[in-house]
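Notes follow the structure.
The values are calculated or read from the model by the stated rules, or taken from the named source; none is laboratory data. Given the structure is predicted, the values throughout are model-derived calculations rather than measurements. Cβ: placed from backbone, ideal geometry, glycine included. Neighbour counts: every protein chain shown. With ligands, DNA and RNA removed, areas are computed over all heavy atoms of the protein, side chains included. Shrake-Rupley method; radii C 1.70, N 1.55, O 1.52, S 1.80 Å.
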Amino acid sequence: MLKVQEIRELIRLVDQSSIDEFTFENEGIKLIMKKNNLAEVRELSASLPVQVINTALPQAEQKPVEVSTPNVETKIEAPVITNPETAEEAKLHTITSPMVGTFYNAPSPGAEPYVKIGSPVTKETIVCIVEAMKLFNEIEADVEGEIAEILVEEGQLVEFGQPLFSVKVK
Amino acid sequence: MKSTVRQNLLDAFRNAAGEFISGEKLANTIGCSRTAVWKHIEELRNEGFEVEAIRKKGYRLAEHPNTLTENEIYLGLQTKYIGKTIHFYESLPSTQQVAKELALNGATEGTLVISDEQTLGRGRLARAWHSPKGTGIWTSIIIRPKIPIQQAPQLTLLTAVAAVQAIEEQTDIDVSIKWPNDLLINGKKVCGILTELQAEENQIQSIIIGIGINVNQQLTDFPEELHSIATSLSMEVNDKINRAKLVQSLCFHLEKLYETYLTLGFQPIKLLWESYALSIGKQITARTLNGTYSGIALGINEQGVLLLETSDGKIQHIYSADIEIDALNR
């Protein structure tokens with residue numbers, strides 16, 4: 001199944017290439033991208049990754065989502081914000097994973113999580129740990145603001161560049 | 001280090017390799033008066049060093065005490081930077097915590113924090129790491145590699161290789177590595193490695209390598225629940241092991257491998273790691289937070305990730321797990 005960041009990566013690659021049309025089919029997912037004038041991203045599948053697409057784009061199964069390429073990132077991200085009324089005004093920053101590994105939301109199992117939705121953060125605030133091969137990487141917020149959304153779950157394997165949190169920038 | 005004079009004095013004794021050096025020569029080498037030399041030698045004696053003094057011949061460092069002090073470690077160190085700055089403590093909650101703070105405050109690459117005892121030593125998932133006084137090597141080393149963050153986990157495998165080489169050099173014991181970096185002797189754990197990374201805007205600021213080696217513990221020093229799964233070097237050879245020498249050896253091998261890694265990449269380290277690896281080709285069980293996988297350990301890939309082939313022929317990439325090597329194939 002395709003993850004949001006994989007789709008995003010594909011869009012970027014297609015965008016930077018001289019390809020006009022791109023079709024990708026795998027495990028029941030069909031992804032078509034067209035680049036002429038108004039670009040189109042269409043997800044045609046009944047077995048879409050639930051956690052990604054259903055929450056992100058509630059009508060994706062029926063309607064093709066039309067986006068112009070430069071806005072692809074915001075189009076995909078915008079619907080996952082829980083507080084749309086505040087999100088409209090505030091700038092959002094996405095904290096992404098700098099490496100592949102296991103996501104931990106707390107310093108140890110059962111401990112208080114580093115942050116929750118609504119937690120204020122500074123640039124240096126540790127928001128989570130990503131671990132691989134017993135290397136523990138404490139991820140800092142890198143911006144000042146407030147945690148708007150937690151995009152991954154405790155113990156989940158996260159990819160390089162995968163969005164972990166969105167932060168409402170102060 | 002307490003002072004440069006002290007450091008120079010130890011350097012002079014190290015270079016003399018057990019021969020006598022005259023007080024005058026010592027004074028000239030280290031740039032202080034003969035009275036000051038005498039004062040520093042008295043301090044060394046107070047720490048347990050046996051310094052012989054013979055009229056007209058000078059001074060000779062006779063015996064090294066089997067204690068772990070910064071001077072003891074510094075005296076036999078053969079590195080350019082790993083271990084050149086030593087922060088020694090009699091007791092600490094955790095060397096990792098102190099090293100992290102030192103790193104944030106600009107400590108140089110190779111800085112070593114070592115404690116004779118840890119009261120809150122920790123392993124993966126905050127499991128306690130038993131580190132009683134005077135028995136083991138409880139240390140954290142700061143490095144600052146200019147590599148992409150996603151490559152940093154390779155350094156934990158590199159550290160395991162360095163620890164194996166140091167132990168083999170000092171004891172002749174056969175040590176194996178269990179993925180990713182546990183050291184085992186006859187299936188029992190003797191060394192654990194836990195590494196922490198600090199980054200700013202996707203640039204590595206520092207990596208703190210925490211290493212715990214069970215050196216001189218006897219069975220009764222371990223809590224009972226560890227008896228069947230942990231061992232010490234001393235228990236394996238029925239002898240006391242010189243901890244300072246082991247630290248020196250660890251620094252030496254770590255620096256050598258680290259330099260190799262920075263110039264040639266992970267490939268040569270991978271080959272060494274595989275040559276010590278215990279689990280390759282064996283039936284193993286990997287417990288992760290998202291489930292348990294059983295299958296054959298195929299080896300590691302270019303990132304150091306464990307490749308596990310399950311019975312349905314699928315290959316799982318394992319990034320974080322507790323590994324058990326199934327008893328039948330041990």
Practice task
Please specify each residue of the stretch B:135-155 satisfying the condition of being open to solvent by 10 Å² or more (accessible area, probe 1.4 Å) and part of a loop (DSSP other than H, G, I, E, B).
Solution key: B:Thr135, B:Arg144, B:Lys146, B:Ile147, B:Pro148
Exercise for the section: Quick one: B:Pro132 ticks every box in (1) open to solvent by less than 20 Å² (accessible area, probe 1.4 Å); (2) touching a helix residue (DSSP H, G or I) at 6+ places or on another chain (Cβ under 8 Å) except a single one, so which number is it? Expected result: (1)
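Results for (1) surrounded by fewer than 21 Cβ atoms within 10 Å (Cβ to Cβ); (2) touching a residue at least 40 places away in the same chain (Cβ under 8 Å), shown as yes or no for each residue.
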| residue | (1), (2) |
| --- | --- |
| A:Lys116 | yes, no |
| A:Ser119 | yes, no |
| A:Glu124 | yes, no |
| A:Lys134 | no, no |
| A:Asn137 | no, no |
| A:Ala141 | no, yes |
| A:Ala148 | no, yes |
| A:Glu154 | yes, yes |
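Condition check ((1) of a type outside the set (Val, Ile, Thr); (2) in a loop (DSSP other than H, G, I, E, B)) across all residues:
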site: B:Leu197; (1), (2): yes, no
site: B:Ser206; (1), (2): yes, no
site: B:Gly210; (1), (2): yes, no
site: B:Ile213; (1), (2): no, no
site: B:Asn216; (1), (2): yes, yes
site: B:Thr220; (1), (2): no, no
site: B:Ser228; (1), (2): yes, yes
site: B:Met235; (1), (2): yes, no
Practice task
Considering every residue within the stretch B:114-128, establish whether at least one is within 13 Å of chain A (Cβ to nearest Cβ), assigned to a strand (DSSP E or B) and touching a strand residue (DSSP E or B) at 6+ places or on another chain (Cβ under 8 Å).
Solution key: yes
Handout entry: Count of residues meeting criterion [open to solvent by 40 Å² or more (accessible area, probe 1.4 Å) and either in a loop (DSSP other than H, G, I, E, B) or more than 19 Å from A:Pro109 (Cβ to Cβ) (or both)] in the stretch A:156-168
Key = 4
Practice task
For B:Glu255, state whether it is closer than 30 Å to B:Arg14 by Cβ, in contact with a Phe, Trp or Tyr (Cβ under 9 Å, 6 or more places away or on another chain) and away from chain A (no Cβ under 14 Å).
Solution key: yes
Handout entry: Answer residue from the stretch B:99-113, given it is under 17 Å from the mean Cα position of the chain (by Cα) and away from chain A (no Cβ under 14 Å) and is most open to solvent (accessible area, probe 1.4 Å) among those
Key = B:Glu109
Problem - Residues satisfying the stated conditions in the stretch A:98-109, i.e. part of a loop (DSSP other than H, G, I, E, B) and facing another protein chain (nearest Cβ under 9 Å) - result: A:Pro98, A:Met99, A:Val100, A:Pro107, A:Ser108, A:Pro109
Completion exercise
All conditions in (1) open to solvent by 40 Å² or more (accessible area, probe 1.4 Å); (2) of a type in the set (A, V, I, L, M); (3) without any contact (Cβ under 8 Å) to a residue 12 or more places away in the chain are true of B:Ile280 except (3)
Problem - Filter pass, B:Pro223 being over 21 Å from B:Ile73 (Cβ atoms), within 10 Å of chain A (Cβ to nearest Cβ), of a type outside the set (S, T, N, Q) and out of contact with any strand residue (DSSP E or B) (no Cβ under 7 Å at 6 or more places or on another chain) - result: no
